[in-house]
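The structure appears below as structure tokens.
Rule-based calculations on the coordinates, nothing more; no lab input. Source: prediction; values computed, not measured. Cβ: placed from backbone, ideal geometry, glycine included. Neighbour counts: every protein chain shown.
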Amino acid sequence: MTEIRGRVLSVASECVPLIKTGGLADVVGALPAALAGQGWDMRVLLPAYRSLRGPAADWPQLWAAADLFGGPGRVLAGQVAEISVLLLDAPHLFDRDGGPYAGPGGDWPDNPQRFAALGWAAADIARLGLSDGWHPDVLHAHDWQAGLAPAYLRYRGAGRVRSVLTVHNIAFQGWASAGLLGALRLPAEQFHSGALEYYGGLSALKAGLVTADAITTVSPTYAAELMRPEFGMGLQGVIAARAGQMTGILNGVDTDVWSPETDTGIIPYSARTLKRKALNRAALQAEFGLTVPGPLAIIVSRLTDQKGIDLIPGAMPAFIEAGGGLVVLGTGDPALEAAMRGLAARFPGRVGTRIGYDEAMSHRLFAGGDAVLVPSRFEPCGLTQMYGLRYGTLPVVAATGGLADTVIGATPATLAAGVATGIVFAPADALGLALALRRLTGLYADRETWVRLQRNAMKHPVGWAAPAAAYARLYEGLAG
Ligand code: ADP
């Protein structure tokens, strides 16, 4: 057993394996085990959505409130996989059909109250502890849904408890009208531009950004980008004002799931048996009916403008002409889905497209591809470039956010130093991508260099060890 250095209450709206709509859930679900190894005892507070109430029926109750924003609320504690889970059971807010944020008619109109309740309960537990005697040293809030937790903690008296807010996605800001100030139990005197007021209304994310003791986001480059208007989406000034409290900590990937040596859905290979990767490439070409003489690129992505997918069609003709091929797996914007289907129709034998979400197939793409394309316009952290590194499928990425922080682009200097792991280009536009693909074709033709890049990539650490150590240092700095 690792000695316990401190306790953390992690507060979020999603957590794998209980409830997931995006990458936030993976991070929240991975942190408890990763931090346990660093001596931090973490419990995760989540809303008891309808789908979660059944399993928690016989869990002990460790906290209660007679009136939690319009009805009673209680916290039930249980263990799910390696995670100590605290479920906030407040049926008037969370016991409904539909997703965490929306029902059949769109976003729940009482989302401000629903997630205020999550923040309120979190702050109360942070201040007073649970009835089993557990008391956190640090409250760690994730995204706007937990943004009010640091605010309530600050405004109601934090005692010795310190707070951290992590921004996973700045696009969702938890907006509410100013008229809700009282209903959300926020202090009227804090309604000014230096605190709670946000463009005439309220934002749960801004409330967290101005009240948390520390702020993190999911990569160092994204932390810096968020202080600029092109990326900050209105909050750039708020974040810039707190630059001294802001750090970027990369996400990790689950190296048990993403490992070419043990992946049961592929022909396994390692950095020493890279020739076996060619068998996966042959299988992937057969699956999609392709015969590609040069580099086989892959894309596994939401098909959106954020991901730069609209840049792909313009760059393909020259890449195909030079011998390249492409396999696309994704869903998203119907126009981009059509464009990806169009490429497959235009370049039979060279481009294959599968519209859909298919995790097993994504493993076959990473095993069989030579390079993974991630031309994102912004990317807080990104995961697929890290899977690419693990599988020796060289990432070709735009120099933004976590992409810039995880891939060492091939340049004369990095090649001479023997450290390059992929191709990094800027800006994320048509010319940038076209030149990157030319570079890819050139490097692929130089077998010796290519294999060296693959070996470098496969050695690059992408697990949770380094991120967990960084969070542990942050917690220690705060709690110490
Ligand atoms: P984002 O969260 O912005 O979509 P990330 O790269 O952080 O981007 O995470 C996306 C995750 O979803 C990765 O694990 C990726 O492999 C997976 N993914 C995206 N689209 C698909 C798809 N069509 N099929 C299987 N997995 C997908």
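Observations on the structure shown:
- The chain shape via C-alpha gyration tensor axes, a/c threshold 1.5: prolate
- Computed from the Cβ-Cβ distance with R0 of 35 Å, the FRET efficiency linking residue 156 to residue 228 stands at 0.55.
- Three-way shape label, the range 48-97, alpha-carbon gyration tensor, a/c 1.5: oblate
- Residues 405, 143, 254, 58 in ascending order of nearby Cβ atoms (within 10 Å, fewest first): 58, 254, 405, 143.
- MRE, 222 nm, helices only [DSSP H, n ≥ 4, -39500 (n - 2.57), over the chain, to nearest 500]: -11000 deg cm²/dmol
- Along each principal axis, taking the top coordinate minus the bottom one, the Cα set of the range 192-309 gives 62, 28, 20 Å in descending order.
- Projected label distance in nm at residue 431 and residue 5, using a 7 Å step from Cα toward the beta-carbon: 4.8 nm
- A simple count of charges around residue 212, restricted to other residues whose Cβ falls under 14 Å of its Cβ and scoring Lys, Arg +1 and Asp, Glu -1, yields +2.
- The slack between residue 95 and residue 399, meaning 0.36 nm per residue of separation minus the straight C-alpha distance, is 105.2 nm.
- For the pair residue 358 and residue 291 in one chain, pulling the backbone fully straight at 0.36 nm per residue adds 21.8 nm over the alpha carbon distance.
- Cα-centred dipole magnitude for the chain, charges only on beta-carbon of K, R (+1) and D, E (-1), debye, nearest 20: 900 debye
- Shape of the range 274-459 from the C-alpha gyration tensor: rounded (a/c under 1.5, with a ≥ b ≥ c the square roots of its eigenvalues).
- Ranked 447, 162, 341, criterion: other C-beta atoms within 10 Å, fewest first: 447, 341, 162
- Relative contact order, percent, the chain [alpha-carbon distance under 8 Å, six or more residues apart]: 12 percent
- Taken along the Cα-to-beta-carbon direction at a fixed 7 Å, the label points for residue 411 and residue 177 span 5.2 nm.
- Take the Cα of residue 189, step 7 Å toward its Cβ, do the same at residue 306, and the gap between the two points is 3.9 nm.
- The peptide list 310-323, 188-201, 211-224, put in order of mean Cβ contacts within 10 Å with the highest first, becomes 211-224, 310-323, 188-201.
- Subtracting the Cα-Cα distance of residue 53 and residue 270 from their residue separation scaled by 0.36 nm leaves 73.8 nm.
- Taking Cα atoms only, the orientation of helix 447-459 departs from the longest principal axis of the chain by about 20 degrees.
- Taking the Cα centre of the range 430-480 as origin and assigning +1 to Lys and Arg Cβ atoms and -1 to Asp and Glu Cβ atoms, the resulting dipole is close to 200 debye.
- Residue order for 459, 20, 275, 307, fewest other beta carbons within 10 angstrom first, comes to 275, 459, 20, 307.
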